[in-house]
């Protein structure tokens, strides 16, 4: 039996989906995130130090928790998309998409012919249970979810054309790079950035597609949901660990160290 894309199915529902970014390439961290109660997880192979094996280990660790796993590759090349789909990724969030032509090529890379150009290699593909899933070739295209990420001024300028590409299921607007492009580096919550993202959501929704965003601030995440965001990344594993360990250390070391230093 071919595996259904739970994330793609959930996108068709009417409630917002909240997810956790996973950038630490250790499958134990993946299991911790998978058991936390999020609607989805994203394996970030763009900024996290992942290779194909560690992405696959994350997918294997997450799968038993029945939580959809998205994968963000380093870039959207045809060869890399084929490899990620073969190891079991069903939903790809491809970064730095600036034009409809790029989006079209990404969709083609993710689909088997005649809809696309994905190469057939199911005897070596975990996704096809190494050819034991006799229906995989016939059902794979329907179970692939393609999300393209807009995060530049050029991408924002071309958003209407990008969102109109057949086979693009959702558009994710990346606030960090977009804020830098707009002259507000390090400040993704700047009002001008937020306004641009919300305007983008309207265009995406008008085209019948699903908007998404990353917002680790609860107030901002709620604001984006009210503006139409269907899926929102609300945390990053590495940042959560860094912040929690720093806060714990400060509870025990900060004031004492300041006093001792002053005494010297």
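Could you check, for region 244-253, whether at least one of its residues is in contact with a helix residue (DSSP H, G or I) (Cβ under 9 Å, 6 or more places away or on another chain) and at pLDDT 95 or above? No, there is no match, as no residue in region 244-253 is in contact with a helix residue (DSSP H, G or I) (Cβ under 9 Å, 6 or more places away or on another chain) and at pLDDT 95 or above.
Scanning region 138-146 for any residue that is within 23 Å of residue 235 (Cβ to Cβ) and touching a residue at least 40 places away in the same chain (Cβ under 8 Å) turns up at least one such residue. More than 16 Å from the chain's Cα centre (by Cα), surrounded by fewer than 18 Cβ atoms within 10 Å (Cβ to Cβ) and more than 20 Å from residue 29 (Cα to Cα) - does that describe any residue in region 85-97? Looking through region 85-97, none of the residues is more than 16 Å from the chain's Cα centre (by Cα), surrounded by fewer than 18 Cβ atoms within 10 Å (Cβ to Cβ) and more than 20 Å from residue 29 (Cα to Cα). Checked against (1) modelled with pLDDT under 95; (2) buried (at least 16 other Cβ atoms within 10 Å of the Cβ), residue 14 passes all but condition (2). Taking the criterion of being out of contact with any helix residue (DSSP H, G or I) (no Cβ under 8 Å at 6 or more places or on another chain) and either within 20 Å of residue 176 (Cβ to Cβ) or surrounded by 22 or more Cβ atoms within 10 Å (Cβ to Cβ) (or both), the only residue of region 19-37 that qualifies is 19. Taking the criterion of being in a loop (DSSP other than H, G, I, E, B) and out of contact with any helix residue (DSSP H, G or I) (no Cβ under 8 Å at 6 or more places or on another chain), the residues of region 154-204 that qualify are 174, 183.
Condition (residue is surrounded by 18 or more Cβ atoms within 10 Å (Cβ to Cβ) and either under 30 Å from residue 86 (Cα atoms) or free of Cβ contacts under 8 Å to residues at least 24 places away in the same chain (or both)) applied to region 194-203: is it met by at least one residue? No: region 194-203 contains no residue that is surrounded by 18 or more Cβ atoms within 10 Å (Cβ to Cβ) and either under 30 Å from residue 86 (Cα atoms) or free of Cβ contacts under 8 Å to residues at least 24 places away in the same chain (or both). Against the conditions (1) within 14 Å of the chain's Cα centre (by Cα); (2) closer than 17 Å to residue 140 by Cα, residue 74 satisfies every one except (2).
Which one is nearest to the chain's Cα centre (by Cα) among residues in region 204-220 that are buried (at least 17 other Cβ atoms within 10 Å of the Cβ) and free of Cβ contacts under 8 Å to residues at least 40 places away in the same chain? This residue is 216.
The values are calculated or read from the model by the stated rules, or taken from the named source; none is laboratory data. Bear in mind that the values here come from a model prediction, so they are computed numbers and not experimental data. Every residue, glycine among them, receives a Cβ derived from its backbone with ideal geometry; neighbour counts consider all protein chains shown.
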